[in-house]
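Reviewing the structure listed below.
The values are calculated or read from the model by the stated rules, or taken from the named source; none is laboratory data. Model, not experiment: these values are computed from the prediction. Heads up, the Cβs are rebuilt from the backbone with ideal geometry, glycines too, and the neighbour counts pull from every protein chain shown. Ligands, DNA and RNA are excluded from the accessible area calculation, which covers all protein heavy atoms including side chains. Shrake-Rupley method; radii C 1.70, N 1.55, O 1.52, S 1.80 Å.
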Amino acid sequence: MDQPIVLPGLLELDAWREQSRELLRRGIEPGRVEWFDPRDPQGVLHATRAGELPPAGGPDRQLQLPRVPRDFLNLAKYVLCHRDPAKWPLLYRLLWRLTHGEAALLSDAIDDDVAAANAMTKAVQRDAHKMKAFVRFRRVEGDAGASGDGRDTSERYVAWHRPDHPIIGLVAPFFARRFAVMRWTILTPLGSATWDGTEISYGPPATRDQAPTADTLEDFWKTYYASVFNPARINPAAMSREMPKKYWATLPEAQIIEDLLANAPGRTQAMAKRAIGTEAGGAAGYVPRLPADTDASIALPQLAEAAEGCRGCDLYKDATRVVFGKGPADARIVIVGEQPGDQEDQAGEPFVGPAGRLLDEALEAAGIDRSVCYVTNAVKHFKWTPAPRGKRRIHAKPDAAEVRACRPWLEEEIGRIKPDIVLLLGATAGQSLLGAGFRVTKMRGRVLRDTPIAPAVVATIHPSAVLRSPDEAARAAAFDELVADLRVVADLLASS
């Protein structure tokens, strides 16, 4: 029986690649290799045969290596940064299979090895995103002097960060590009990196007490964070997921988060007043009749009553009334359409016309109980043009300024309800909450998770798009596609 070959697992992609290529050349199967973490003292002591490879030729003859897919190298770059030592046998097993008759292996997402590698990759990418977002440099005094290019070398910056995975080598180049004119060091318990303005050098793990705790820049950073904090989009659960509390000790802004949350209702009202009073042609200085107290416990009907006085744009002049949202205040789903139509404008309720009836059919077909939904629109007044003949009012698409003017009301609705899911119907609803770059054709049926809007956001076409289908066959196909998107929502609802 062949003896196992004990090798140190390498973190750097090029070094690991050469090590693995040598194993492949010698035809050494994955089951014969035992990997140990060279940073683990016990693992090193146990590895009495570390680095020993059979001589070339004989039973371990050298092989001509086939090309490895580029996707595998990109995958390996992230998997090597995972903390689990199982990454080394996993990657070599994948490499062996790719070069021994399974060239399309990576396209099989349900394969156990592929699924494990993809899960590791996603975990590392999330960790890298957190590091880029939450590293905060603090200024410390260094040696006096100046560099050849005139930079002051008496000043450098140090940051402490606690990642879940050994990602310092993966992320340090990002900081070198982003802060190229600074001299900085990032300390982590899994390694450190230093940028001297020319190149990055890597060092040993560090402890929290090796990093400074504060500097004079922090007051400026707190002021900046407070100025960009959006109180209308508060979702504490999503915020905690996006900014876990383990990072708060090193974030200057974390010291003011509780005060910002406490003052958020008043700031939301002020923001709504400014937006509604000055944007989209609204009368300068106009103050809508918002409730004096904007605490989230205020009933939605009181908010709807306040919206009756909105003059943020000119749509109120030709509409019969404001059409506010309707549904339970604790709805698990908020459904957002474009604007009320002719029948909605007359009835004062959203989605009571043909598009609303079709939406009811689609929700029922998807298995969604309408009673758990709050239905509203991005724009609260009906925009229309007169028909060439007769008195019929023809729907007209609201423009970007009109959508902007109404957005504070929509954010107030969602902020009070705090739904599990927001369902966006059509381009206007999507652009209102997700920005001008939203395209329903690209986003429909996809789940956006942990957004500032809600824990889950799903977009699909507006029911009116189904009604505009050119013939019955096209209408049936569009309806089925709508129901398929709504089933994504139904599955989310069932799993939450």
Quiz item: Which of the residues spanning region 111-135 are surrounded by 16 or more Cβ atoms within 10 Å (Cβ to Cβ), assigned to a helix (DSSP H, G or I) and touching a residue at least 24 places away in the same chain (Cβ under 8 Å)?
Solution: A116, A117, N118, M120, T121, A123, V124, D127, A128, K130, M131, F134
Quiz item: Would region 196-209 turn up any residue that is over 27 Å from D14 (Cα atoms), outside any loop (DSSP other than H, G, I, E, B), over 27 Å from the mean Cα position of the chain (by Cα) and at pLDDT below 90?
Solution: yes
Exercise. Select from region 462-487 the residues that are among the aliphatic types (A, V, I, L, M), surrounded by fewer than 20 Cβ atoms within 10 Å (Cβ to Cβ) and under 24 Å from the mean Cα position of the chain (by Cα) and list them in ascending order.
Key: A484
Exercise. Starting from region 98-110, take each residue that is touching a residue at least 12 places away in the same chain (Cβ under 8 Å) and list its partners that are acidic (D, E), counting only C-beta distances under 6 angstrom and pairs at least six apart or across chains.
Key: L106/D71
Quiz item: Restricting attention to region 377-405, and to residues there that are modelled with pLDDT of 90 or more and touching a Pro at 6+ places or on another chain (Cβ under 9 Å), which single residue is most open to solvent (accessible area, probe 1.4 Å)?
Solution: K383
Self-check item: helices (runs of 4 or more DSSP H) within region 2-109 that include 1 or more residues within 21 Å of T121 (Cα to Cα) and at pLDDT below 80
Solution: none
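Looking at region 351-371, which of its residues are within 29 Å of the chain's Cα centre (by Cα) and surrounded by fewer than 16 Cβ atoms within 10 Å (Cβ to Cβ)? Don't jump to the end; show me each part of the working.
First, the residues of region 351-371 that are within 29 Å of the chain's Cα centre (by Cα): 359, 362-363, 366-370.
If the condition is that a residue be within 29 Å of the chain's Cα centre (by Cα) and surrounded by fewer than 16 Cβ atoms within 10 Å (Cβ to Cβ), then G367, D369, R370 are the ones that fit.
For region 432-444, what are the residues that are under 20 Å from I333 (Cβ atoms) and without any contact (Cβ under 8 Å) to a residue 60 or more places away in the chain?
Within region 432-444, the first condition is being under 20 Å from I333 (Cβ atoms), and the residues that meet it are 432-434, 438, 440, 443-444.
Answer for region 432-444, where residues must be under 20 Å from I333 (Cβ atoms) and without any contact (Cβ under 8 Å) to a residue 60 or more places away in the chain: L434, F438, V440, M443, R444.
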Quiz prompt | Close pairs (7 angstrom Cβ cut-off, 6 or more residues apart or separate chains): free of Cβ contacts under 8 Å to residues at least 12 places away in the same chain and outside any helix (DSSP H, G or I) in region 394-414, open to solvent by 20 Å² or more (accessible area, probe 1.4 Å) and among the aromatic types (F, W, Y) anywhere | solution = I394/W384
Quiz item: Of these, P388, P328, which one is more than 32 Å from the chain's Cα centre (by Cα), farther than 25 Å from F438 by Cβ and assigned to a loop (DSSP other than H, G, I, E, B)?
Solution: P388
Quiz item: Looking at region 407-429, which of its residues are open to solvent by less than 10 Å² (accessible area, probe 1.4 Å) and charged (D, E, K, R)?
Solution: E413
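Looking at region 159-180, which of its residues are part of a loop (DSSP other than H, G, I, E, B) and in contact (Cβ under 8 Å) with a residue 24 or more places away in the chain? Quick ask: steps written out before the conclusion?
Keep residues of region 159-180 that are part of a loop (DSSP other than H, G, I, E, B), which gives 161-167, 179-180.
Of everything in region 159-180, those that are part of a loop (DSSP other than H, G, I, E, B) and in contact (Cβ under 8 Å) with a residue 24 or more places away in the chain turn out to be H161, R162, P163, D164, H165, P166, I167, F179.
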Exercise. Show the residue pairs that are 6+ apart or on different chains and have beta-carbon atoms under 6 Å apart, the first residue being within region 181-192 and closer than 16 Å to P205 by Cα, the second being in a strand (DSSP E or B) and open to solvent by 40 Å² or more (accessible area, probe 1.4 Å).
Key: T185/T194
Self-check item: Long-range neighbours under 9 Å by Cβ, at least six apart or interchain, first residue open to solvent by 10 Å² or more (accessible area, probe 1.4 Å) within region 335-350, second charged (D, E, K, R) and assigned to a helix (DSSP H, G or I)
Solution: Q339/E402
